[in-house]
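Only one structure is covered here, and it is reproduced in the block below.
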Amino acid sequence: MGDSFILSGNDLAALAFFLLVWAFFALAADGKLFSRVSLTTAMNAQREAWMRTMARRELRMIDTSIMIGLQQGTAFFASSSIFAIGGCFALLGASERVLTVLSDMPYIGSTSRGLFETKVLGLVVLLAHAFFKFGWSYRLFNYCSILIGAVPVTRDEATNDAETEAAVVRAAKMNILAGKHFAAGLQGIFFSIAYLGWFVNAGVFALTTLLLLAVLIRRQFFSAARAAVLAQAPAQTGPGSGVSMRPDNQ
């Protein structure tokens, strides 16, 4: 980093805008900014419903299978984050070659090696953040599996005692917390894609950030997935009922 790596005013403004958008979306997805229910909030309610249904099952192979699937998905993204971090360090080792390629591309201004390496290190920070979120989520899902095993079987709703209710609440809260950290890791991955626009220029960086925000807001608040989670059960389904289970928008 022998060259100057001082960020310009446009770069600083674009970076600040990127961080503000990320914080805004994180709060919105957690249901802290809008009254409209987000997909994340709706799924948290389903996680709690899952734990209450699980308490009524004597054999919980279904629940353990679901937990294994959640852990495997978390482990996959954690491993992918590590590989991406390794790729960033390989990129640092080939800075001169990459800068030569970038200089021949349209709409990309001249960039010093120091500035380029600073941006790459920023990408490393984003991916490291995602990795730690996925790693902690994996651990929390493991804890949740233990808490599921500790929930007594509810044989009759009328006799559901305080001990069983407390065990269900503990498992539900741990599951929701694990999901929250997993979602935070995914946000790190998604926003690292928008971050790539910075390698072009500050204007493109702001544009890719806005485009990503639009996509994520739509998925959280206006997507077919959200509609499916919040859908009320129809009075009758099946052949001849006139009710279609096919979502209008994939």
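No value in this document is a laboratory result; all are computed from the given coordinates. Computed from a predicted structure; not experimentally measured. For neighbour counting, all protein chains shown are included, and Cβ atoms are generated from backbone atoms with ideal geometry for every residue, glycine included.
3J(HN,Hα) along the range 136-145: 5, 4, 4, 5, 5, 5, 5, 4, 4, 4 Hz, from the Karplus curve 6.51 cos²θ - 1.76 cosθ + 1.60 with θ = phi - 60°, whole Hz, x for Gly and Pro. Computed from the Cβ-Cβ distance with R0 of 35 Å, the FRET efficiency linking Leu59 to Ala225 stands at 0.75. Which lysines, on any chain, are close to Lys173 with Cα under 29 Å apart, when same-chain ones fewer than 8 places away are left out? Qualifying lysines at Cα under 29 Å: Lys32, Lys133. Taking packing as the residue-averaged number of other Cβ atoms within 10 angstrom, the listed peptides 124-135, 140-151 run from highest to lowest as 124-135, 140-151.
Computed 3J(HN,Hα) for the range 75-92, one whole-Hz value per residue from the Karplus formula 6.51 cos²θ - 1.76 cosθ + 1.60 where θ = phi - 60°, is 5, 4, 5, 5, 5, 4, 5, 5, 4, 5, 5, x, x, 5, 5, 5, 5, 4, glycine and proline marked x.
Give the shape of the range 1-89 as rounded, prolate or oblate, defined through the alpha-carbon gyration tensor: a ≥ b ≥ c are the square roots of its eigenvalues, a/c under 1.5 means rounded, and otherwise the shape is prolate if a/b is larger than b/c and oblate if not. It comes out oblate by the Cα gyration axes. Here the simple spin-label model places points 7 Å from the Cα toward Cβ, and for Leu92 and Ala16 these points are separated by 2.7 nm.
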